[in-house]
Structure formats: C-alpha cells, structure tokens
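One structure below.
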Amino acid sequence: MVHTKILIRFLPLFLLAGLTLAQDQPPYDENADAHQQVTAAIAEASKGQKNVVLVFGANWCGDCRALNAQMHKEELAALIAANYEVVKIDVGRFTKNKDIAAKYHVPLAHGIPTLAVLDPGGNVLYAMDQGQFSNARSMSYESIRDFFVKWEPKK
C-alpha cells in the first residue's frame, strides 16, 4: 500500500522525465543510409500522395534541434504526418551526404537546418537556397508552420 502511494505521488515526475528524455534524443541518425531513406520516402509518398521533406542538419546544431522541437509540437506534427514523408539527413560537420544536398539543389554553405520539398515522384518543388531556417532558434512557431502549410500537396 505504501509503495502504491509513493508510485502515484511520483508518477507525474517519472512521466515528465520520460518525455524530457524523448525530446533530448538526437534528431539525426548519424549511421543512417540517407540515400536509402530518401528512396524509401519517395516510394511511400507516391502511395499516399504526400510530399517529401528532406531536412538537412546535424545533432550538434542548436538550430536543427530547435526546428526538430517545433516539428514535434502537436498541431504541426499532425500536419506533417498527414502531408509529408520526412527524411532527416545528417550532414555531420558538413562532410556527409553532400551529394544528396547537391542533387536536390540545397547549398549547405548557407547554414543548417535547410530543407528541400519534393513531390510524390521525387521532383524538387522547393529547395532552401539562402539558409532560410538556419536561425530556427529565433523563428516563430507560426513561420515554421506556415512553411509546411505552403508546401503541403494539393489534393
């Protein structure tokens, strides 16, 4: 009985700690095969008439983590899940996956995170070419949401 009372009393703290740990997970899989992930995302997008968003960034990048946090807020996460296949592409210290960035017309030299939006067939609809999200820490949630609303597929 005493253990149950203790558990009930501290359960909210345990749940909050778990949520915090989940949010602290690195957004980019540094060991992922980005080429394979992009191919798989395009295949999935074509089935569901979704667009593909490629998010180029790195785990050490504070702005990349800020964008990731915004993308996981409930309203935006639902919008993204309904309209996009997302591929987070690790660029390391600007030494990895440069060929993918070049293929989709994303100049990494302007900063990260940076995004490209593809149609369900894998064709580029939009590529950030001026580091538009490289200051994600200071961007409003609304401006990030507006980007995803603007590029959602026309159904």
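The values are calculated or read from the model by the stated rules, or taken from the named source; none is laboratory data. Remember, predicted model here, so these are calculated numbers, not experimental data. Note that we place each Cβ from the backbone using ideal geometry, even for glycine, and neighbour counts take in every protein chain shown.
Observations on the model:
- Within segment 34-109, helices (runs of 4 or more DSSP H) holding 2 or more residues that are free of Cβ contacts under 8 Å to residues at least 60 places away in the same chain and farther than 22 Å from LEU125 by Cβ: 62-71
- Residue in segment 67-80 that is modelled with pLDDT of 95 or more, surrounded by fewer than 12 Cβ atoms within 10 Å (Cβ to Cβ) and either touching an Asp or Glu at 6+ places or on another chain (Cβ under 8 Å) or farther than 24 Å from ALA43 by Cβ (or both) present: yes
- Residues in segment 102-118 that are buried (at least 17 other Cβ atoms within 10 Å of the Cβ) and over 20 Å from ILE144 (Cβ atoms): 0 in all.
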